[in-house]
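Peer 1: Can you keep this structure in mind? I'll have questions shortly.
The values are calculated or read from the model by the stated rules, or taken from the named source; none is laboratory data. Quick caveat: nothing in here was measured; it's all calculated off a predicted structure. Backbone-built Cβ (ideal geometry, glycine too); neighbour counts: all protein chains shown.
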Amino acid sequence: MPLVPAYTATSETGPLAPGVISRREVGPKDVLIEIAWAGICHSDIHTVRGEWGPVPFPLTVGHEIAGFVTEVGPEVTRHRVGDRVGVGVMVNSCRTCANCRAGFEQYCLDGFTDTYGGTDADGSVTQGGYSSHIVVDEHFVLRIPEAIPFESAAPLLCAGITTYSPLRRWNAGPGKKVAVVGLGGLGHMAVKLAHALGAEVTVLSQSLRKRDDGLRLGADHYYATDDPATFKELANTFDLIVNTVSAPLDLNAYLGLLALHGTVVNVGAPPEPVPVTLFTLFENQRSFSGSKIGGIAETQEMLDFCAEHGIAPEVEIVRADQINEAWDRVLASDVRYRAVIDISTLTP
């Protein structure tokens, strides 16, 4: 197995450090990608810190990947050498269960294979995008349209599809009032996408600190949730609320903002349980749901939608030796709005 340079975590508490990882040989249906850009997702930090379960150290994380195809297996038909491509949260699934056959690989009944921390086709632990190269089955490799700036494309493979999928599922569009909780890496994409879909968009953020940004990104309204008057003023208002926050909230307060038949969808994943009072759901026949990335076809649809509408994440480019600092800034909500690693700065 070839060795490639990477930044790797060896414990829940220590910093990531440069090193090397193994990549499997290119199989008949595999694509070898030279990674150019890798987004830093809060999920990377949750995983390494052990907040979502045991971690198979040493582990290289990163599931927002953009790069160039440098080699293809003899049976590959979807991609060619030189193509701009991306890889998101999953790199395999059974592809035979009812959910996979319906195009919902993210809900594979056998469980999809995570881009990092999962079990690869050769039995090894999958390693993610904070590295120079990755080998992925062609089915899970996405085409990145030329209209999307390459340095901004990687976060679309997680933050983009994670917010696009519920917006499409719950029919965000003209005549619909959509609220986005949190204006971070996920939230800023939800605002851009909901606006492009034609919905009336409101940002619900802890304070008004990012109000100007929210309105610039496409929000029609912006409210501070640390003001109790917000929940009184906006009661029974929204058709859809997309909660992007990965911290526990008073979910019942947000459910109270839903109009008749409205839905709160969680895409953020706090490690702690979040209590829901059933009587809050009974009013207005409200619903509470969750949503997990999107299938491969829907992810390609999202990329094409972004290209058509001129949508790209707001990114800050960081060097590989700034990864640990960038993680600290993510935790401090100091990144506007997605940190992206320039993989060319990885030391061989």
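Yes or no, residue by residue, for (1) of a type in the set (G, A, S); (2) more than 24 Å from T263 (Cβ to Cβ); (3) modelled with pLDDT of 95 or more:
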residue	(1), (2), (3)
A153	yes, yes, yes
L157	no, yes, yes
S165	yes, no, yes
K176	no, no, yes
M189	no, no, yes
A199	yes, no, yes
L208	no, yes, yes
R216	no, yes, yes
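Peer 1: Another question, if that's okay. Evaluate the range 74-84: report whether one residue or more is touching a His at 6+ places or on another chain (Cβ under 7 Å) and in the same structural domain as A326 (by TED's automatic domain parsing).
Peer 2: Checked against the condition, which is being touching a His at 6+ places or on another chain (Cβ under 7 Å) and in the same structural domain as A326 (by TED's automatic domain parsing), the range 74-84 yields no hits at all.
Peer 1: If I filter the range 79-86 for residues that are among the charged types (D, E, K, R), assigned to a strand (DSSP E or B) and modelled with pLDDT of 95 or more, do I get at least one hit?
Peer 2: yes
Peer 1: Residue by residue through the range 186-209, note down the ones that are among the charged types (D, E, K, R) and in contact (Cβ under 8 Å) with a residue 60 or more places away in the chain.
Peer 2: K192
Peer 1: Select from the range 250-278 the residues that are modelled with pLDDT under 95 and farther than 21 Å from L186 by Cα and write down the one among them that is surrounded by the most Cβ atoms within 10 Å (Cβ to Cβ).
Peer 2: By that ranking, first place goes to V276.
Peer 1: Please determine whether any residue of the range 105-114 is in contact with a helix residue (DSSP H, G or I) (Cβ under 6 Å, 6 or more places away or on another chain), surrounded by fewer than 24 Cβ atoms within 10 Å (Cβ to Cβ), free of Cβ contacts under 8 Å to residues at least 24 places away in the same chain and not aromatic (F, W, Y).
Peer 2: Looking through the range 105-114, at least one residue is in contact with a helix residue (DSSP H, G or I) (Cβ under 6 Å, 6 or more places away or on another chain), surrounded by fewer than 24 Cβ atoms within 10 Å (Cβ to Cβ), free of Cβ contacts under 8 Å to residues at least 24 places away in the same chain and not aromatic (F, W, Y).
Peer 1: Return the residues of the range 17-36 that are within 25 Å of T77 (Cα to Cα) and either more than 24 Å from the chain's Cα centre (by Cα) or not assigned by TED's automatic domain parsing to the domain that holds Q322 (or both); say none if nothing qualifies.
Peer 2: Selection gives R24, E25, V26, G27, P28, K29.
Peer 1: Across the range 79-125, what is the number of residues that are among the β-branched types (V, I, T) and more than 18 Å from the chain's Cα centre (by Cα)?
Peer 2: Summing the residues that are among the β-branched types (V, I, T) and more than 18 Å from the chain's Cα centre (by Cα) in the range 79-125 gives 4.
Peer 1: Can T230 be described as polar (S, T, N, Q) and either assigned by TED's automatic domain parsing to the domain that holds R49 or assigned to a strand (DSSP E or B) (or both)?
Peer 2: no
Peer 1: Another one. Can you pull out the residues in the range 252-296 that are closer than 18 Å to N171 by Cβ and charged (D, E, K, R)?
Peer 2: R286
Peer 1: Criterion first (surrounded by fewer than 16 Cβ atoms within 10 Å (Cβ to Cβ) and either touching a residue at least 24 places away in the same chain (Cβ under 8 Å) or in contact with a Ser or Thr (Cβ under 9 Å, 6 or more places away or on another chain) (or both)) does L331 satisfy it?
Peer 2: When the stated conditions are applied, L331 passes them.
Peer 1: Any residue in the range 260-280 that is farther than 13 Å from V178 by Cα and not assigned by TED's automatic domain parsing to the domain that holds L249 sitting within a Cβ distance under 7 Å of a residue that is outside any loop (DSSP other than H, G, I, E, B) and basic (K, R)? List the pairs, counting only those 6 or more apart or interchain.
Peer 2: Once the first residue is farther than 13 Å from V178 by Cα and not assigned by TED's automatic domain parsing to the domain that holds L249 and sits in the range 260-280, no partner that is outside any loop (DSSP other than H, G, I, E, B) and basic (K, R) comes close enough.
Peer 1: Output the residues belonging to the range 299-348 that are assigned to a loop (DSSP other than H, G, I, E, B) and among the hydroxyl-bearing types (S, T, Y).
Peer 2: Once the filter is applied, which keeps residues that are assigned to a loop (DSSP other than H, G, I, E, B) and among the hydroxyl-bearing types (S, T, Y), the range 299-348 yields S333, Y337, T347.
Residue-by-condition table, conditions (1) more than 27 Å from A102 (Cα to Cα); (2) touching a Gly at 6+ places or on another chain (Cβ under 8 Å); (3) assigned to a loop (DSSP other than H, G, I, E, B):
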| site | (1), (2), (3) |
| --- | --- |
| A253 | yes, no, no |
| V274 | yes, no, yes |
| F288 | no, no, no |
| K292 | no, no, yes |
| A297 | no, yes, no |
